[in-house]
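The values are calculated or read from the model by the stated rules, or taken from the named source; none is laboratory data. Quantities reported herein were computed from a predicted structural model and do not represent experimental measurements. Positions of Cβ are generated from backbone atoms using ideal geometry, with glycine treated the same way; all protein chains shown enter the neighbour counts.
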Protein chains: 2
Amino acid sequence: MNETMKTILNRRSFRAYKPEQIKDQELQTILEAGKFAPSGMNTQPWHFSVIQNKDVLNKINGIVKEGLLKSGNPQMAGRAKDENFSIFYHAPTLIIVSADPKVPTPQFDSAIALSYMFLAAASLDIGSCWIQAISVAFNSESAKPMLKELAIPEGYTIYSAGAFGYPAVEAPAPAPRKEGTVSFIK
Amino acid sequence: MNETMKTILNRRSFRAYKPEQIKDQELQTILEAGKFAPSGMNTQPWHFSVIQNKDVLNKINGIVKEGLLKSGNPQMAGRAKDENFSIFYHAPTLIIVSADPKVPTPQFDSAIALSYMFLAAASLDIGSCWIQAISVAFNSESAKPMLKELAIPEGYTIYSAGAFGYPAVEAPAPAPRKEGTVSFIK
């Protein structure tokens, strides 16, 4: 099996990170992967906000926490009540992917860019996890004042976000794959 | 640079393919990558319809062609008028990704699965291209009777499709990357 396939099959989502920051060169490699993702009509409609400042990370976490507590979802609210709650599992780096919603396929473009960054991270033994709750919380009216602080370009929508850091745990086993997801028409 | 990064940075979209079919083992590797893509809440909401039958490929192309001719978009209609028109550039394999629209993030999940398959293909020197026009054409009312023939599960939506085959041309140079797509908040 080639190295790319090994990375693809072995990349897992991590939910515990070491506090140590990832190296700048590793971060640059991860971002390079995101920039080289394909995009519909080559619009490259994305913006990557790399957040490593602890105060800003805490602020983001606070806003998500508040949103979850008010969500009416008992499971989410229960999780958010935990004193040690961190929506990004205390990862030292968060990358928020926003994009111009007026291009043909902003969801696809953002998702692929983030998945490219996840694979690049995995190839460097850096863990990652998709943090969907951030886009939910930050596309709400109450979070708008913070968008500038997160360097989200005017008019862009936050589509996805990922946590990055050195894993503090072993890679979990892959979840079993669903059966019957392929049909051949030969 | 590690092999995964090389695959990520060097994968291009191909728009000309050899008629020769890809090997079954290569196809299996590509599908394995798609199945191992991450998905929101691990729903794995996708279905992969692998189409290699020439009659079915021609039928798909005919439906897309008809849609483009009627689209009112002069550029698209002009392209579709070409006698040699092929929406998937005469690639011998087409993979249509449909998914359950009721999961939280079907667009993201489908896009990432397809991008994983593109990277797997690139790691095997197989070319690929995202064919967005297929989801547009096949989610319309007039194409519904054909969904069963394409093995799209009842109630699923087609989100994306990709052409796969051995490239008939050299890899094109990468399009220049946009400047200013990253902000650091350290």
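Points to keep in mind about this one:
- Among the residues of region A:1-52, the ones that are more than 7 Å from chain B (Cβ to nearest Cβ) and aromatic (Phe, Trp, Tyr) come to 2 in all.
- Residue in region A:53-66 that is assigned to a helix (DSSP H, G or I), within 14 Å of another protein chain (Cβ to nearest Cβ) and buried (at least 20 other Cβ atoms within 10 Å of the Cβ) present: yes
- Residue list for region A:48-65, filter: farther than 14 Å from A:Ser135 by Cα, among the charged types (D, E, K, R) and free of Cβ contacts under 8 Å to residues at least 40 places away in the same chain: A:Lys54, A:Asp55
- Comparison of A:Thr29, A:Thr43 shows that the only residue that is more than 30 Å from B:Met76 (Cβ to Cβ) and among the β-branched types (Val, Ile, Thr) is A:Thr29.
- No other residue among A:Ala16, A:Ala80, A:Ala33 is under 15 Å from the mean Cα position of the chain (by Cα) and buried (at least 20 other Cβ atoms within 10 Å of the Cβ) apart from A:Ala33.
- Condition met for B:Ile126 (within 13 Å of chain A (Cβ to nearest Cβ) and closer than 20 Å to A:Pro106 by Cα): no
- Test: residue in region A:81-97 that is acidic (Asp, Glu) and either within 12 Å of chain B (Cβ to nearest Cβ) or in contact with a helix residue (DSSP H, G or I) (Cβ under 6 Å, 6 or more places away or on another chain) (or both): no
- Hey, A:Val103 within 13 Å of chain B (Cβ to nearest Cβ), within 26 Å of B:Gln132 (Cα to Cα), in contact with a Pro (Cβ under 8 Å, 6 or more places away or on another chain) and hydrophobic (A, V, I, L, M, F, W, C) or not: yes
- Matching residues in region A:44-79 - criterion: being over 18 Å from A:Ile96 (Cβ atoms) and either modelled with pLDDT of 95 or more or not polar (S, T, N, Q) (or both): A:Leu69, A:Lys70, A:Gly72, A:Pro74, A:Met76, A:Ala77, A:Gly78, A:Arg79
- Considering B:Ser160, B:Ser135, the condition of being crowded, with 18+ Cβ neighbours inside 10 Å, of a type in the set (Ser, Thr, Tyr), farther than 30 Å from A:Gln52 by Cα and at the interface with chain A (Cβ under 8 Å from one of its Cβ atoms) is satisfied by B:Ser160 alone.
- Residue match in region A:29-43 (condition: in a helix (DSSP H, G or I) and of a type in the set (D, E, K, R)): yes
Conditions (1) of a type in the set (S, T, N, Q); (2) farther than 22 Å from A:Lys54 by Cβ; (3) touching a helix residue (DSSP H, G or I) at 6+ places or on another chain (Cβ under 8 Å), marked per residue:
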residue	(1), (2), (3)
A:Ala121	no, no, yes
A:Ile131	no, no, no
A:Glu149	no, no, yes
A:Gly180	no, yes, no
A:Ser183	yes, yes, no
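- Residue list for region A:24-43, filter: of a type in the set (Ser, Thr, Tyr) and in contact with a strand residue (DSSP E or B) (Cβ under 9 Å, 6 or more places away or on another chain): A:Ser39, A:Thr43
- B:Tyr156 falls short on exactly one of the conditions (1) at pLDDT below 95; (2) over 21 Å from B:Lys65 (Cα atoms), and that condition is (1).
- Output for region A:138-156, where each listed residue is within 13 Å of another protein chain (Cβ to nearest Cβ) and in contact (Cβ under 8 Å) with a residue 12 or more places away in the chain: A:Met146, A:Glu149, A:Leu150, A:Ala151, A:Ile152, A:Pro153, A:Tyr156
- Restricting attention to region B:175-186 and to residues that are on the phi < 0 side of the Ramachandran plot and either surrounded by fewer than 14 Cβ atoms within 10 Å (Cβ to Cβ) or more than 7 Å from chain A (Cβ to nearest Cβ) (or both), the residue that is modelled with the lowest pLDDT turns out to be B:Ala175.
- Scanning region B:134-143 for residues that are modelled with pLDDT under 90 and closer than 9 Å to B:Ala161 by Cα returns a single hit, B:Ser135.
- Residues satisfying the stated conditions in region A:83-101, i.e. touching a residue at least 24 places away in the same chain (Cβ under 8 Å) and either among the aromatic types (Phe, Trp, Tyr) or surrounded by fewer than 22 Cβ atoms within 10 Å (Cβ to Cβ) (or both): A:Phe85, A:Ser86, A:Phe88, A:Tyr89, A:His90, A:Pro92, A:Asp100, A:Pro101
- Region A:18-43 residues that are within 18 Å of A:Ser98 (Cβ to Cβ), paired with ones that are among the small types (Gly, Ala, Ser) and in a helix (DSSP H, G or I) (beta carbon under 6 Å, 6 or more apart): A:Ile30/A:Ala120; A:Ile30/A:Ala121; A:Ala33/A:Ala120; A:Gly34/A:Ala113; A:Ala37/A:Ala113
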